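So the structure is just underneath, and the comments pick up after that.
The values are calculated or read from the model by the stated rules, or taken from the named source; none is laboratory data. Treat the numbers as computed from the prediction; the structure is a model and nothing was measured. Ideal geometry is used to build each Cβ from the backbone, glycine not excepted, and the neighbour counts take in all protein chains shown. Heads up: the accessible areas ignore ligands, DNA and RNA and are worked out on the full protein's heavy atoms, side chains in. Shrake-Rupley method; radii C 1.70, N 1.55, O 1.52, S 1.80 Å.
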Amino acid sequence: MISISHKAKQFAVFIIKLLIVCAAFYFIYNELAYNEKLDWPKFIALLKEKQSVLGIAFLLAFSVANRYLEILKWQNLVSIIRPITLGESSKQVLGALTAGIFTPNGLGEYAGKALYFEKVKAKKIIFLNLICNGVQMLLTIVLGTLGLLVLGYWKWFIGIVVASCFSIAIANLSKKVTIKGYSLQKLVHKINAIPKAVHRKNIVLGTLRYLVFSHQYYFLFLAFDVDLPYPTLMATIASVYFLASSLPSFQFLDFAVKGSIAVYFFEKLGVNEWIVVFISTLMWFLNVVLPVGIGSYFVLKFKPKWN
(Lines give C-alpha, C1' and ligand atoms only; values in the text may rest on other atoms or scores of the structure.)
Protein backbone atom coordinates (compact mmCIF):
# COMPACT_ATOMS: atom_id res chain seq x y z
CA MET A 1 0.00 0.00 0.00
CA ILE A 2 2.84 2.38 0.88
CA SER A 3 4.55 1.61 -2.44
CA ILE A 4 1.35 2.24 -4.41
CA SER A 5 0.72 5.48 -2.53
CA HIS A 6 4.26 6.66 -3.23
CA LYS A 7 3.98 5.84 -6.94
CA ALA A 8 0.61 7.57 -7.14
CA LYS A 9 2.12 10.67 -5.54
CA GLN A 10 5.06 10.61 -7.96
CA PHE A 11 2.67 10.28 -10.91
CA ALA A 12 0.52 13.18 -9.65
CA VAL A 13 3.61 15.40 -9.27
CA PHE A 14 4.75 14.46 -12.79
CA ILE A 15 1.32 15.31 -14.24
CA ILE A 16 1.31 18.69 -12.47
CA LYS A 17 4.80 19.50 -13.76
CA LEU A 18 3.82 18.45 -17.28
CA LEU A 19 0.66 20.58 -17.14
CA ILE A 20 2.67 23.63 -16.02
CA VAL A 21 5.12 23.25 -18.91
CA CYS A 22 2.38 22.56 -21.48
CA ALA A 23 0.28 25.48 -20.25
CA ALA A 24 3.29 27.83 -20.41
CA PHE A 25 4.06 26.92 -24.03
CA TYR A 26 0.38 26.95 -24.99
CA PHE A 27 -0.01 30.53 -23.77
CA ILE A 28 3.20 31.59 -25.53
CA TYR A 29 2.16 29.95 -28.83
CA ASN A 30 -1.36 31.35 -28.61
CA GLU A 31 -0.10 34.92 -28.19
CA LEU A 32 2.46 34.67 -30.98
CA ALA A 33 0.22 32.87 -33.48
CA TYR A 34 -3.03 34.79 -33.00
CA ASN A 35 -1.96 38.32 -32.14
CA GLU A 36 -3.59 40.51 -34.79
CA LYS A 37 -1.07 43.32 -34.27
CA LEU A 38 1.83 41.12 -35.43
CA ASP A 39 2.40 41.32 -39.18
CA TRP A 40 4.71 38.30 -39.46
CA PRO A 41 5.61 38.63 -43.18
CA LYS A 42 6.72 42.25 -42.62
CA PHE A 43 8.52 41.26 -39.42
CA ILE A 44 10.41 38.37 -41.07
CA ALA A 45 11.35 40.55 -44.05
CA LEU A 46 12.77 43.20 -41.72
CA LEU A 47 14.69 40.61 -39.70
CA LYS A 48 16.27 39.26 -42.90
CA GLU A 49 17.23 42.79 -43.87
CA LYS A 50 18.75 43.54 -40.46
CA GLN A 51 20.13 40.09 -39.69
CA SER A 52 23.61 40.05 -38.22
CA VAL A 53 25.29 37.29 -36.24
CA LEU A 54 27.11 39.84 -34.11
CA GLY A 55 23.91 41.85 -33.61
CA ILE A 56 21.95 38.77 -32.50
CA ALA A 57 24.77 37.71 -30.16
CA PHE A 58 24.90 41.24 -28.76
CA LEU A 59 21.18 41.27 -27.95
CA LEU A 60 21.26 37.73 -26.54
CA ALA A 61 24.11 38.77 -24.25
CA PHE A 62 21.75 41.32 -22.68
CA SER A 63 19.14 38.58 -22.06
CA VAL A 64 21.75 36.34 -20.45
CA ALA A 65 23.01 39.23 -18.29
CA ASN A 66 19.45 40.13 -17.30
CA ARG A 67 18.64 36.66 -15.93
CA TYR A 68 22.14 36.16 -14.54
CA LEU A 69 21.78 39.29 -12.40
CA GLU A 70 18.37 38.06 -11.22
CA ILE A 71 19.93 34.72 -10.30
CA LEU A 72 22.68 36.52 -8.35
CA LYS A 73 20.05 38.63 -6.57
CA TRP A 74 18.17 35.52 -5.45
CA GLN A 75 21.35 33.72 -4.39
CA ASN A 76 22.32 36.78 -2.32
CA LEU A 77 18.96 37.02 -0.52
CA VAL A 78 18.57 33.28 0.14
CA SER A 79 22.03 33.24 1.75
CA ILE A 80 20.46 34.53 4.98
CA ILE A 81 18.55 31.21 5.21
CA ARG A 82 21.20 28.92 3.78
CA PRO A 83 23.91 29.30 1.11
CA ILE A 84 22.95 27.97 -2.33
CA THR A 85 25.10 27.49 -5.41
CA LEU A 86 24.72 29.48 -8.61
CA GLY A 87 23.27 26.34 -10.22
CA GLU A 88 20.64 25.95 -7.49
CA SER A 89 19.70 29.61 -7.76
CA SER A 90 19.37 29.24 -11.55
CA LYS A 91 17.00 26.27 -11.15
CA GLN A 92 14.85 28.15 -8.65
CA VAL A 93 14.66 31.43 -10.61
CA LEU A 94 14.01 29.88 -14.04
CA GLY A 95 11.72 27.16 -12.72
CA ALA A 96 9.65 29.71 -10.77
CA LEU A 97 9.49 31.98 -13.83
CA THR A 98 7.95 29.12 -15.82
CA ALA A 99 5.46 28.35 -13.04
CA GLY A 100 4.46 32.01 -12.78
CA ILE A 101 4.03 32.79 -16.48
CA PHE A 102 0.24 32.24 -16.49
CA THR A 103 -0.53 33.65 -13.04
CA PRO A 104 -1.48 37.31 -12.36
CA ASN A 105 1.64 39.46 -11.94
CA GLY A 106 3.77 36.32 -11.69
CA LEU A 107 2.32 35.29 -8.32
CA GLY A 108 3.06 31.67 -9.14
CA GLU A 109 6.74 32.57 -8.96
CA TYR A 110 6.43 32.98 -5.17
CA ALA A 111 4.97 29.49 -4.72
CA GLY A 112 7.43 28.06 -7.24
CA LYS A 113 10.46 29.22 -5.27
CA ALA A 114 8.95 28.18 -1.94
CA LEU A 115 8.58 24.59 -3.17
CA TYR A 116 12.36 24.30 -3.49
CA PHE A 117 12.64 24.63 0.31
CA GLU A 118 11.19 22.87 3.35
CA LYS A 119 7.58 23.73 4.13
CA VAL A 120 8.52 25.45 7.40
CA LYS A 121 10.61 27.97 5.43
CA ALA A 122 7.86 28.81 2.92
CA LYS A 123 6.90 32.14 4.55
CA LYS A 124 10.54 33.26 4.69
CA ILE A 125 11.07 32.40 1.03
CA ILE A 126 7.93 34.28 -0.01
CA PHE A 127 9.10 37.26 2.06
CA LEU A 128 12.56 37.20 0.44
CA ASN A 129 11.01 37.01 -3.01
CA LEU A 130 8.92 40.03 -2.09
CA ILE A 131 12.12 41.89 -1.17
CA CYS A 132 13.77 40.73 -4.40
CA ASN A 133 10.90 41.99 -6.57
CA GLY A 134 10.22 44.99 -4.35
CA VAL A 135 13.63 46.55 -4.95
CA GLN A 136 13.19 46.10 -8.71
CA MET A 137 9.74 47.68 -8.51
CA LEU A 138 11.06 50.62 -6.45
CA LEU A 139 13.75 51.31 -9.06
CA THR A 140 11.14 51.11 -11.81
CA ILE A 141 8.89 53.61 -10.01
CA VAL A 142 11.66 56.13 -9.24
CA LEU A 143 13.27 56.03 -12.69
CA GLY A 144 9.90 55.87 -14.45
CA THR A 145 8.68 58.95 -12.58
CA LEU A 146 11.87 60.80 -13.55
CA GLY A 147 11.27 59.66 -17.12
CA LEU A 148 7.82 61.26 -17.13
CA LEU A 149 9.40 64.47 -15.82
CA VAL A 150 12.03 64.47 -18.59
CA LEU A 151 9.32 63.94 -21.22
CA GLY A 152 7.33 66.87 -19.86
CA TYR A 153 4.36 64.97 -18.45
CA TRP A 154 4.08 67.37 -15.53
CA LYS A 155 0.52 66.46 -14.53
CA TRP A 156 1.43 62.76 -14.36
CA PHE A 157 4.62 63.53 -12.47
CA ILE A 158 2.84 65.72 -9.88
CA GLY A 159 0.03 63.17 -9.54
CA ILE A 160 2.49 60.34 -8.85
CA VAL A 161 4.45 62.42 -6.33
CA VAL A 162 1.26 63.45 -4.49
CA ALA A 163 -0.03 59.84 -4.52
CA SER A 164 3.32 58.60 -3.19
CA CYS A 165 3.38 61.17 -0.37
CA PHE A 166 -0.21 60.31 0.52
CA SER A 167 0.60 56.57 0.55
CA ILE A 168 3.63 57.13 2.80
CA ALA A 169 1.54 59.23 5.19
CA ILE A 170 -1.20 56.57 5.36
CA ALA A 171 1.44 53.88 5.89
CA ASN A 172 2.98 55.79 8.81
CA LEU A 173 -0.40 56.34 10.44
CA SER A 174 -1.40 52.69 10.10
CA LYS A 175 1.94 51.01 10.72
CA LYS A 176 0.79 49.63 14.08
CA VAL A 177 -2.54 48.35 12.75
CA THR A 178 -2.52 44.55 12.96
CA ILE A 179 -4.42 42.28 10.57
CA LYS A 180 -4.30 38.55 11.41
CA GLY A 181 -1.06 39.06 13.31
CA TYR A 182 0.63 41.09 10.56
CA SER A 183 1.40 44.81 10.55
CA LEU A 184 3.51 47.25 8.57
CA GLN A 185 5.69 47.78 11.64
CA LYS A 186 6.49 44.05 11.79
CA LEU A 187 7.25 44.06 8.07
CA VAL A 188 9.70 46.95 8.47
CA HIS A 189 11.29 45.15 11.43
CA LYS A 190 11.77 42.01 9.30
CA ILE A 191 13.29 44.05 6.47
CA ASN A 192 15.69 45.74 8.90
CA ALA A 193 16.65 42.32 10.31
CA ILE A 194 18.24 41.44 6.97
CA PRO A 195 21.97 42.34 7.03
CA LYS A 196 22.73 45.70 5.42
CA ALA A 197 25.38 44.09 3.21
CA VAL A 198 22.67 41.85 1.70
CA HIS A 199 20.42 44.88 1.08
CA ARG A 200 23.24 46.84 -0.53
CA LYS A 201 24.14 43.99 -2.86
CA ASN A 202 20.48 43.51 -3.75
CA ILE A 203 20.13 47.20 -4.68
CA VAL A 204 23.35 47.19 -6.75
CA LEU A 205 22.33 44.03 -8.64
CA GLY A 206 18.79 45.37 -9.13
CA THR A 207 20.15 48.63 -10.55
CA LEU A 208 22.48 46.78 -12.91
CA ARG A 209 19.60 44.56 -14.06
CA TYR A 210 17.44 47.61 -14.76
CA LEU A 211 20.23 49.18 -16.81
CA VAL A 212 20.70 45.94 -18.76
CA PHE A 213 17.09 45.39 -19.88
CA SER A 214 16.38 49.09 -20.49
CA HIS A 215 19.47 49.38 -22.70
CA GLN A 216 18.54 46.19 -24.53
CA TYR A 217 15.28 47.95 -25.37
CA TYR A 218 17.30 51.02 -26.40
CA PHE A 219 19.59 49.09 -28.77
CA LEU A 220 16.62 47.34 -30.37
CA PHE A 221 15.18 50.74 -31.27
CA LEU A 222 18.53 51.72 -32.78
CA ALA A 223 18.54 48.46 -34.76
CA PHE A 224 15.13 49.42 -36.20
CA ASP A 225 16.49 52.83 -37.25
CA VAL A 226 14.61 54.83 -34.60
CA ASP A 227 16.57 58.08 -34.41
CA LEU A 228 15.79 59.81 -31.12
CA PRO A 229 18.09 61.55 -28.61
CA TYR A 230 19.42 59.19 -25.93
CA PRO A 231 17.76 61.05 -22.98
CA THR A 232 14.38 61.08 -24.74
CA LEU A 233 14.52 57.41 -25.71
CA MET A 234 15.67 56.24 -22.26
CA ALA A 235 13.08 58.45 -20.51
CA THR A 236 10.33 56.96 -22.70
CA ILE A 237 11.52 53.41 -21.99
CA ALA A 238 11.59 54.13 -18.25
CA SER A 239 8.06 55.58 -18.40
CA VAL A 240 6.75 52.57 -20.34
CA TYR A 241 8.23 50.09 -17.84
CA PHE A 242 6.87 52.04 -14.89
CA LEU A 243 3.30 52.32 -16.19
CA ALA A 244 3.26 48.74 -17.50
CA SER A 245 4.43 47.36 -14.14
CA SER A 246 1.65 49.32 -12.40
CA LEU A 247 -1.07 47.39 -14.25
CA PRO A 248 -2.25 43.88 -13.31
CA SER A 249 -1.09 41.46 -15.98
CA PHE A 250 0.17 37.97 -16.78
CA GLN A 251 3.74 37.20 -17.86
CA PHE A 252 2.51 35.70 -21.12
CA LEU A 253 0.68 38.99 -21.85
CA ASP A 254 3.61 41.14 -20.77
CA PHE A 255 4.57 42.18 -24.29
CA ALA A 256 0.95 43.13 -25.09
CA VAL A 257 0.69 45.40 -22.03
CA LYS A 258 4.11 47.00 -22.53
CA GLY A 259 3.49 47.18 -26.27
CA SER A 260 0.20 49.06 -25.86
CA ILE A 261 1.71 51.59 -23.47
CA ALA A 262 4.84 51.90 -25.61
CA VAL A 263 2.70 52.64 -28.70
CA TYR A 264 0.99 55.49 -26.81
CA PHE A 265 4.30 57.14 -25.91
CA PHE A 266 6.34 56.42 -29.03
CA GLU A 267 3.61 57.46 -31.46
CA LYS A 268 3.86 60.95 -29.97
CA LEU A 269 7.55 60.85 -30.90
CA GLY A 270 6.82 59.84 -34.48
CA VAL A 271 7.74 56.14 -34.23
CA ASN A 272 5.67 53.71 -36.33
CA GLU A 273 3.26 51.59 -34.28
CA TRP A 274 4.27 48.26 -35.85
CA ILE A 275 7.95 48.88 -35.02
CA VAL A 276 7.05 49.48 -31.37
CA VAL A 277 4.88 46.34 -31.27
CA PHE A 278 7.61 44.18 -32.78
CA ILE A 279 10.31 45.53 -30.47
CA SER A 280 8.07 44.87 -27.45
CA THR A 281 7.46 41.34 -28.76
CA LEU A 282 11.20 40.75 -29.26
CA MET A 283 11.92 41.96 -25.72
CA TRP A 284 9.30 39.53 -24.42
CA PHE A 285 10.71 36.69 -26.51
CA LEU A 286 14.31 37.34 -25.42
CA ASN A 287 13.58 37.87 -21.72
CA VAL A 288 10.57 35.64 -21.05
CA VAL A 289 10.12 32.98 -23.74
CA LEU A 290 13.77 31.87 -23.91
CA PRO A 291 14.20 31.68 -20.10
CA VAL A 292 10.87 29.81 -19.83
CA GLY A 293 12.22 27.29 -22.35
CA ILE A 294 15.17 26.61 -20.04
CA GLY A 295 12.98 26.81 -16.94
CA SER A 296 10.67 24.13 -18.34
CA TYR A 297 13.53 21.64 -18.12
CA PHE A 298 14.04 22.51 -14.45
CA VAL A 299 10.30 22.18 -13.78
CA LEU A 300 10.27 18.68 -15.26
CA LYS A 301 13.35 17.71 -13.22
CA PHE A 302 11.96 19.32 -10.05
CA LYS A 303 11.70 17.26 -6.87
CA PRO A 304 9.49 18.97 -4.26
CA LYS A 305 10.82 19.44 -0.72
CA TRP A 306 7.31 19.45 0.76
CA ASN A 307 5.91 16.17 2.04
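In order along the stretch 67-80, the Karplus-derived 3J(HN,Hα) couplings, from 6.51 cos²θ - 1.76 cosθ + 1.60 at θ = phi - 60°, round to 6, 4, 5, 5, 5, 5, 4, 5, 4, 5, 5, 5, 4, 6 Hz, and Gly and Pro are given as x.
Peptides 144-151, 262-269, 94-101, 194-201 ordered by packing proxy, namely the average of other Cβ atoms within 10 Å per residue, highest first: 94-101, 144-151, 262-269, 194-201.
With 23 Å as the limit, the listed pairs Lys121/Lys186; Lys190/Lys301; Lys113/Lys201; Lys91/Lys119 have Lys190/Lys301 beyond it between alpha carbons. Take the stretch 96-151 with all the other protein chains still there, run a 1.4 Å probe, and you get 43 Å² of accessible area per residue. At full extension, Lys303 and Ile141 could sit 54.7 nm farther apart than now, given 0.36 nm per residue minus the alpha carbon distance. The shape of the stretch 50-109 comes out oblate: with a ≥ b ≥ c from the C-alpha gyration tensor, a/c is at least 1.5 while a/b does not beat b/c.
A simple rule links phi to the HN-Hα coupling: the Karplus curve 6.51 cos²θ - 1.76 cosθ + 1.60 with θ = phi - 60°, which for the stretch 195-211 gives x, 4, 4, 5, 4, 4, 5, 4, 5, 4, 5, x, 5, 4, 5, 4, 4 Hz, with x for Gly and Pro. What the phi angles of the stretch 115-130 give under the Karplus curve with 6.51, -1.76 and 1.60, with θ = phi - 60°, is a coupling list of 5, 7, 10, 4, 4, 5, 9, 4, 4, 5, 5, 4, 5, 5, 5, 5 Hz, glycine and proline written as x.
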